[in-house]
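**Q** Sharing a structure, written as structure tokens. Questions coming.
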Amino acid sequence: MPRTESGNRRHLALVAAAGSAVLLATGCSYLSGEGGGGGTDAADVDCAPFEAWSDVEGTVSIYSSIRDEEAERMDRSWADFEACTGIDIQHEGSGEFEAQLPIRLEGGNAPDLALIPQPGLLQRVVDDGYAVPVADGVRANAEEGWGEDWLGYATFDGELYGTPYGANMKSMVWYSPTYFADNDYEVPQTWDEMIELSDTIAESGTKPWCVGFESGDATGWPGTDWIENALLRSAGTDVYNQWVSHEIPFDDPQVAEAFELAGDIVRNPDYVNGTFGEVESIAVTSFQEAGLPLLDGGCAMYLMGSFYSAQFEEGVTVAEDGDVYGFVMPPMEAGAEVPVMGGGEFAVPFADRPEVAAVHEYLSTPEYANSRASQGAWVSANRNMDPTVIEDPASQFAAEVLLSPDTVFHFDGSDAMPSSVGTNVFWNGMVDWVTGTSTGDVLETIESAWP
Amino acid sequence: MEFSFLDELPKIVWMLIGIAAFLGVIGLLLLLVDVPRTRRDRWQAVLFLSPALLLLAGGLVYPVLRTTYLSFHDRSGDEFVGLANYIWMFQRPEILQVLWNTLLWVAFAPLLATAIGLVYAVLVDRSRFEPVAKSLVFMPMAISFVGASIIWRFVYAYRPADQEQYGLFNQIVVWFGGEPRLWLLEQPLNTFLLILVLIWVQAGFAMVVLSAAIKAIPAEIVEAARIDGAGPFQLFRSITLPSVWPTLLVVLITITVQTLKVFDIVRTMTGGNYGTSVIANEMYSQAFSQGQTGQGSALAVFLFVLVIPLVALQIRRTRKARELS
């Protein structure tokens with residue numbers, strides 16, 4: 001939405017006269033990702049859905065870890081809202097979001113809304129007194145759209161401090177349906193079947209699994225997904241929740257058992273690491289790269305979130321009978337409840353202004369979820385979202401699982417733990433674990449770091 | 001969004017404050033180095049420097065005090081915890097490893113970078129290809145630490161034996177019939193491989209400065225030594241080395257301060273994983289990623305304490321050099 005157009009023009013002319021500063025100006029608008037093309041005209045849009053907010057004006061800044069292509073899709077998803085209401089949404093994505101958000105808050109430079117992917121960080125900004133409780137309209141939308149499992153992560157002392165935004169499913173094992181069909185393999189229904197299948201593939205001379213933990217600053221996080229999925233299956237929801245909230249110690253024997261269960265795959269030299277080398281290569285293989293050998297039979301299975309579909313090039317078909325697809329990691333026993341683990345962002349307000357409330361309210365509606373999902377590669381756990389607007393098959397699959405009434409959703413445990421454990425010691429521990437440190441030592445180190 | 005001067009005004013004001021603070025630091029250093037001799041000169045200097053000094057107080061002194069204050073408090077900065085953060089620092093094995101790594105960096109990087117720079121400067125001095133040879137070594141200086149780290153990550157890259165190597169190191173190993181290795185995982189070798197990056201970047205700096213010092217040695221002295229029958233090695237030991245000694249120390253101290261603060265290389269190449277973290281990286285990760293402001297501040301203060309004597313030494317040396325000339 002172009003705001004105070006003429007005023008800015010005049011200033012721009014002044015600056016232009018100053019010569020080289022023009023470069024700076026265009027550079028700035030380029031960097032903030034808003035150069036051209038953003039001006040959707042209100043006349044072309046059906047403004048009826050946005051009537052509730054039509055008399056609100058202002059600028060709302062949103063800060064998140066979402067960048068590049070994804071951020072552009074996001075900008076498009078609220079373009080109509082901006083055009084109809086006159087509210088200008090300025091989104092800024094940062095690769096160092098988790099470290100920079102607290103700095104901005106402490107420095108008195110808070111964004112109006114932040115999309116926080118970790119309940120642990122969310123709790124920290126609430127504890128430190130920066131977040132403000134959501135407006136009444138937002139709360140109503142949130143209770144309508146999400147189950148208690150989701151809202152619980154943003155509720156403190158009975159107050160709701162954020163609403164879920166995007167969601168992903170991290171109990172997903174990627175595989176190649178073509179490769180499975182060529183070799184007469186079937187998608188395993190139990191953990192034991194999965195191990196049997198791994199043995200069969202290993203005997204054929206292929207390493208059945210690909211694993212990669214490298215992720216720059218966040219190296220180690222894919223390992224936590226392995227542990228969390230194993231723990232949910234071997235010990236169940238209650239133990240998982242106790243573990244995340246530290247009601248049982250991090251190195252509880254049941255957790256050690258889950259480590260062993262995951263380790264039988266991840267640390268098994270016969271099973272890993274398809275085309276990347278020995279077990280240790282997991283530590284230096286980036287998670288983006290790690291799953292690609294699925295395409296040429298370098299390995300058969302890869303545990304990674306539903307968002308991994310973005311890594312495949314255009315010619316690759318993601319479909320149940322295509323080049324790649326996913327199945328939900330099976331439970332220990334046939335017919336048992338299949339636990340689903342995943343993550344997502346929470347939209348958290350830091351300012352109590354009507355335009356902020358308006359934007360937040362819009363973001364928490366199913367209409368917004370549909371608008372964003374129709375831009376591709378995105379899922380919300382909003383129960384009232386229309387899954388048919390999703391075109392990307394991996395997101396469709398994730399939505400199907402996430403929105404199914406039978407699904408009990410478990411938030412990614414490491415993200416929900418205090419950040420000194422969940423985003424650091426646990427990650428480092430996973431790196432040590434795949435490079436040869438014993439499970440006992442790793443568990444002890446992580447437990448002793450709990451604040 | 002179009003550029004609006006009014007919108008950007010606060011940022012511009014901050015930028016001006018930053019520039020003023022920077023000039024203030026320079027002014028203060030000049031003042032320290034060149035203490036005015038008369039009382040009138042002194043008052044004049046104080047008068048001119050006072051605005052800058054105020055900004056310096058806000059931009060440098062206050063943060064130092066604040067960081068020190070925070071290092072004695074818990075993560076929220078509210079509760080006084082005494083020396084707990086410092087005790088934590090010297091008790092946690094992973095932090096002890098960080099301190100040990102920093103020590104390794106300081107022990108090896110400045111010495112090797114300076115030594116390589118010196119030897120190179122001596123070897124190419126007055127040779128036919130001197131300008132080309134010097135620019136080759138100096139060029140890495142133009143690359144940021146982050147850029148250099150990315151380049152070296154490729155040098156250390158690993159692929160299993162049955163695949164084509166794209167890392168230079170492993171390709172060489174394979175040519176000689178060896179097995180490719182995961183260089184960045186092998187402790188403590190990986191720390192040395194990271195140190196190599198700093199040396200690669202800093203040797204050029206050492207070389208240029210030392211080369212200038214070598215060229216400043218009066219030709220008569222060199223000639224006289226030659227006539228007395230000094231060989232190249234003797235010439236180096238008895239003439240070149242003593243003549244460039246003050247410069248050598250300046251280079252050494254400068255690179256040492258750089259090394260103590262090293263952050264970008266570690267962060268880009270390993271993110272502090274695989275036992276390669278150093279104080280500056282750990283400080284960032286504690287204070288910002290993990291929100292342990294107290295522990296991060298304690299690390300920052302410790303780093304500050306380590307750098308102070310070196311900077312003081314540097315200033316004293318510069319002052320002495322000026323007095324001599």
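The values are calculated or read from the model by the stated rules, or taken from the named source; none is laboratory data. This is a predicted model, so every value here is computed, not measured. Note: ideal-geometry Cβ built from the backbone for every residue, glycine included; neighbour counts use all protein chains shown. What goes into the accessible areas is simple: the full protein's heavy atoms, side chains included, and nothing from ligands, DNA or RNA. Shrake-Rupley method; radii C 1.70, N 1.55, O 1.52, S 1.80 Å.
**Q** Out of all the residues in the stretch A:62-74, is one or more in contact (Cβ under 8 Å) with a residue 60 or more places away in the chain, within 26 Å of B:Pro10 (Cα to Cα), surrounded by 19 or more Cβ atoms within 10 Å (Cβ to Cβ) and within 12 Å of chain B (Cβ to nearest Cβ)?
**A** no
**Q** Filter the stretch A:417-451 for residues that are more than 13 Å from chain B (Cβ to nearest Cβ), touching a helix residue (DSSP H, G or I) at 6+ places or on another chain (Cβ under 8 Å) and open to solvent by 20 Å² or more (accessible area, probe 1.4 Å) and give the result.
**A** Residue satisfying the conditions is A:Gly440 alone.
**Q** Let me ask something else. Return yes or no: is A:Gly277 out of contact with any Gly (no Cβ under 9 Å at 6 or more places or on another chain), at pLDDT below 95 and within 14 Å of another protein chain (Cβ to nearest Cβ)? Don't jump to the end; show me each part of the working.
**A** Values: out of contact with any Gly (no Cβ under 9 Å at 6 or more places or on another chain): yes; at pLDDT below 95: yes; within 14 Å of another protein chain (Cβ to nearest Cβ): yes.
Against the criterion (out of contact with any Gly (no Cβ under 9 Å at 6 or more places or on another chain), at pLDDT below 95 and within 14 Å of another protein chain (Cβ to nearest Cβ)), A:Gly277 qualifies.
**Q** Turning to a different aspect of this structure: Against the definition (of a type in the set (Val, Ile, Thr) and without any contact (Cβ under 8 Å) to a residue 40 or more places away in the chain), how does A:Thr163 come out, yes or no?
**A** no
**Q** Now, a different point. Restricted to the stretch B:287-296, and to residues that are open to solvent by 10 Å² or more (accessible area, probe 1.4 Å) and more than 8 Å from every other protein chain (Cβ to nearest Cβ), which residue is farthest from B:Leu103 (Cα to Cα)?
**A** Among those that are open to solvent by 10 Å² or more (accessible area, probe 1.4 Å) and more than 8 Å from every other protein chain (Cβ to nearest Cβ), it is B:Thr293.
**Q** Every residue in the stretch A:123-176 that is on the phi < 0 side of the Ramachandran plot and either among the basic types (Lys, Arg) or within 14 Å of chain B (Cβ to nearest Cβ) (or both), please.
**A** Within the stretch A:123-176, A:Gln123, A:Arg124, A:Val125, A:Val126, A:Asp127, A:Asp128, A:Tyr130, A:Arg139, A:Lys170 meet the criteria.
Per-residue answers, yes or no, for (1) part of a loop (DSSP other than H, G, I, E, B); (2) surrounded by fewer than 17 Cβ atoms within 10 Å (Cβ to Cβ); (3) under 17 Å from the mean Cα position of the chain (by Cα):
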site: A:Glu361; (1), (2), (3): no, no, no
site: A:Trp378; (1), (2), (3): yes, no, yes
site: A:Ala381; (1), (2), (3): yes, no, yes
site: A:Ser395; (1), (2), (3): no, no, yes
site: A:Ala398; (1), (2), (3): no, no, yes
site: A:Leu402; (1), (2), (3): no, no, yes
site: A:Pro405; (1), (2), (3): yes, yes, no
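**Q** If you check B:Ser76, B:Ser50, B:Ser127, which single one turns out to be among the small types (Gly, Ala, Ser), at negative phi and either surrounded by 17 or more Cβ atoms within 10 Å (Cβ to Cβ) or assigned to a helix (DSSP H, G or I) (or both)?
**A** Sole residue among the options that is among the small types (Gly, Ala, Ser), at negative phi and either surrounded by 17 or more Cβ atoms within 10 Å (Cβ to Cβ) or assigned to a helix (DSSP H, G or I) (or both): B:Ser50.
**Q** Under the condition of being within 14 Å of chain B (Cβ to nearest Cβ) and open to solvent by 10 Å² or more (accessible area, probe 1.4 Å), which residue from the stretch A:294-317 is farthest from A:Thr219 (Cα to Cα)? Walk me through it before giving the result.
**A** Of the stretch A:294-317, the ones within 14 Å of chain B (Cβ to nearest Cβ) are A:296, A:298-299.
So of that shortlist, the ones also open to solvent by 10 Å² or more (accessible area, probe 1.4 Å) come out as A:296, A:298.
Working: A:Asp296: 26, A:Gly298: 23 Å.
The selected residue is A:Asp296.
This table checks each residue for (1) in contact with a Ser or Thr (Cβ under 9 Å, 6 or more places away or on another chain); (2) open to solvent by 50 Å² or more (accessible area, probe 1.4 Å); (3) more than 14 Å from every other protein chain (Cβ to nearest Cβ); (4) small (Gly, Ala, Ser).
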| residue | (1), (2), (3), (4) |
| --- | --- |
| B:Leu182 | yes, no, no, no |
| B:Ala206 | yes, no, yes, yes |
| B:Ala219 | no, yes, yes, yes |
| B:Thr256 | no, no, yes, no |
| B:Phe263 | no, yes, no, no |
| B:Thr268 | yes, no, no, no |
| B:Tyr274 | yes, no, no, no |
| B:Met283 | yes, yes, no, no |
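**Q** On the basis of being over 30 Å from A:Asp432 (Cβ atoms), at pLDDT 95 or above and open to solvent by 40 Å² or more (accessible area, probe 1.4 Å), does A:Glu320 make the cut?
**A** no
**Q** Which one of these does A:Glu143 not meet: (1) out of contact with any Cys (no Cβ under 6 Å at 6 or more places or on another chain); (2) assigned to a loop (DSSP other than H, G, I, E, B)?
**A** A:Glu143 satisfies every listed condition except (2).
**Q** For the stretch A:246-275, which residues satisfy the criterion of being of a type in the set (A, V, I, L, M, F, W, C) and within 26 Å of the chain's Cα centre (by Cα)? Let's see the steps before the verdict.
**A** Within the stretch A:246-275, the subset of a type in the set (A, V, I, L, M, F, W, C) is A:248, A:250, A:255-256, A:258-259, A:261-262, A:265-266, A:272.
Correct list: A:Phe250, A:Val255, A:Ala258, A:Phe259, A:Leu261, A:Ala262, A:Ile265, A:Val266, A:Val272.
**Q** Those residues that are open to solvent by 40 Å² or more (accessible area, probe 1.4 Å) and either within 14 Å of chain B (Cβ to nearest Cβ) or basic (Lys, Arg) (or both), I need them from the stretch A:217-272; list them, please.
**A** Scanning the stretch A:217-272 gives A:Asp217, A:Arg267, A:Pro269.
**Q** Can you find, within the stretch A:389-422, the residue that is farthest from A:Trp243 (Cα to Cα) among those that are β-branched (Val, Ile, Thr) and at pLDDT 85 or above? Before you say what the answer is, go through the steps one by one.
**A** Let us first name the residues in the stretch A:389-422 that are β-branched (Val, Ile, Thr), namely A:389-390, A:401, A:407-408, A:421.
Narrowing the set further to residues that are at pLDDT 85 or above leaves A:389-390, A:401, A:421.
Values: A:Val389: 37, A:Ile390: 35, A:Val401: 24, A:Val421: 12 Å.
Residue satisfying both the conditions and the ranking: A:Val389.
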